[in-house]
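What follows is a short report on a single structure.
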Amino acid sequence: MLLVESLTSAYGRIEVLHHVSIEVRAAEIAALVGANGAGKTTLLRAISGVQPTTAGSIRFEGKPIEKMPSYARVALGITQVPEGRQLFAPLSVEDNLKLGAWSRRAADLTPDLERAYALFPVLASLRKKQAGALSGGQQQMLAIARALMAKPRLLLLDEPSMGLAPILVDQTLETIRELKSEGLTILLVEQNARAALAIADRAYVLETGRITLSGTAAEIRFDPRVREAYLGI
């Protein structure tokens with residue numbers, strides 16, 4: 001579904017991605033793990049179109065998209081849940097959800113809202129509450145639900161477990177598994193390598209802007225270098 005080949009990206013004169021190549025197959029979870037500053041968020045931003053690239057290609061379902069603006073990529077079916085949630089804090093939960101469907105303005109959103117509330121029941125009771133007043137876990141639920149309102153085929157998830165209590169991390173991972181079981185394709189960026197590799201099908205290790213390891217999640221999980229550097233074993 002997604003093929004990234006020899007992609008480079010820079011902030012000013014500082015190149016942060018160096019010829020990165022990854023692939024994500026339909027209906028699978030691909031995990032991208034690595035330390036802070038490795039370039040994981042930059043790669044997601046490049047795929048979603050909010051970070052410029054300087055070389056390489058990005059193909060979505062065979063179509064080159066590296067020159068497309070971000071809104072056109074959303075229309076194709078690529079949606080990102082950004083690091084830090086980035087909700088519209090003064091607006092209500094329901095207004096945030098509706099804004100997630102901005103590219104579908106003519107559509108009846110009632111079924112999609114009902115699905116969001118079924119996936120995250122706590123949001124239904126908070127639908128009129130300001131997003132900025134939610135707890136961290138509730139905000140993460142809202143950020144994921146808002147992205148789903150665009151009806152994506154590829155969901156880019158950036159650090160969904162960041163700042164969450166362990167029980168909420170487990171709930172978030174279970175939700176990701178459920179979305180995959182429904183056929184959604186997911187590219188997961190996660191500093192918690194143990195959690196990411198537990199649910200992923202495919203995995204990549206990104207270090208200082210370069211892919212240093214790739215394979216099935218099981219292969220990466222049991223690689224001695226990964227176990228020592230990222231799993232504390």
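The values are calculated or read from the model by the stated rules, or taken from the named source; none is laboratory data. Quick caveat: nothing in here was measured; it's all calculated off a predicted structure. In this analysis, Cβ positions are derived from the backbone assuming ideal geometry, glycine residues included, and neighbour counts consider all displayed protein chains.
The table for this structure:
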quantity	calculated
Some residue of region 215-230 being part of a strand (DSSP E or B) and modelled with pLDDT of 95 or more	yes
Tally of residues being exposed (fewer than 14 other Cβ atoms within 10 Å of the Cβ) and not aliphatic (A, V, I, L, M) across region 89-114	7
Scope region 120-174; condition assigned to a loop (DSSP other than H, G, I, E, B) and hydroxyl-bearing (Ser, Thr, Tyr); matching residues	Ser125, Ser135, Ser161
Pairs with Cβ under 9 Å, 6+ apart, first in region 164-175 and farther than 18 Å from Gly84 by Cα and at pLDDT 90 or above, second among the hydroxyl-bearing types (Ser, Thr, Tyr) and surrounded by fewer than 17 Cβ atoms within 10 Å (Cβ to Cβ)	none
Pair list, Cβ < 6 Å and 6+ apart or interchain, from region 43-67 residues that are without any contact (Cβ under 8 Å) to a residue 40 or more places away in the chain to residues that are part of a helix (DSSP H, G or I)	Gly49/Ser70; Gly49/Arg73; Val50/Ser70; Ile65/Arg73
Filter pass, Arg202 being surrounded by 17 or more Cβ atoms within 10 Å (Cβ to Cβ), farther than 24 Å from Asn96 by Cα and either in the same structural domain as Ala35 (by TED's automatic domain parsing) or modelled with pLDDT under 95 (or both)	yes
Qualifying residue in region 18-27 (condition: assigned by TED's automatic domain parsing to the domain that holds Ile220, over 26 Å from Ser161 (Cα atoms) and either loosely packed, with under 15 Cβ neighbours inside 10 Å or at pLDDT 95 or above (or both))	yes
Complete set of residues in region 118-133 that are under 13 Å from Glu94 (Cα atoms) and either surrounded by 21 or more Cβ atoms within 10 Å (Cβ to Cβ) or in contact (Cβ under 8 Å) with a residue 12 or more places away in the chain (or both)	Phe120, Val122, Leu123, Leu126, Arg127, Lys128, Lys129, Gln130, Ala131, Gly132
Qualifying residue in region 45-52 (condition: farther than 23 Å from Leu184 by Cβ, of a type in the set (S, T, N, Q), crowded, with 19+ Cβ neighbours inside 10 Å and in the same structural domain as Ala30 (by TED's automatic domain parsing))	no
Subset tally (residues that are loosely packed, with under 15 Cβ neighbours inside 10 Å and among the basic types (Lys, Arg)) for region 152-190	1
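Results for (1) touching a Gly at 6+ places or on another chain (Cβ under 6 Å); (2) over 27 Å from Glu61 (Cβ atoms), shown as yes or no for each residue.
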residue	(1), (2)
Pro152	yes, no
Gly163	yes, yes
Gln171	no, yes
Arg210	no, no
Phe222	no, yes
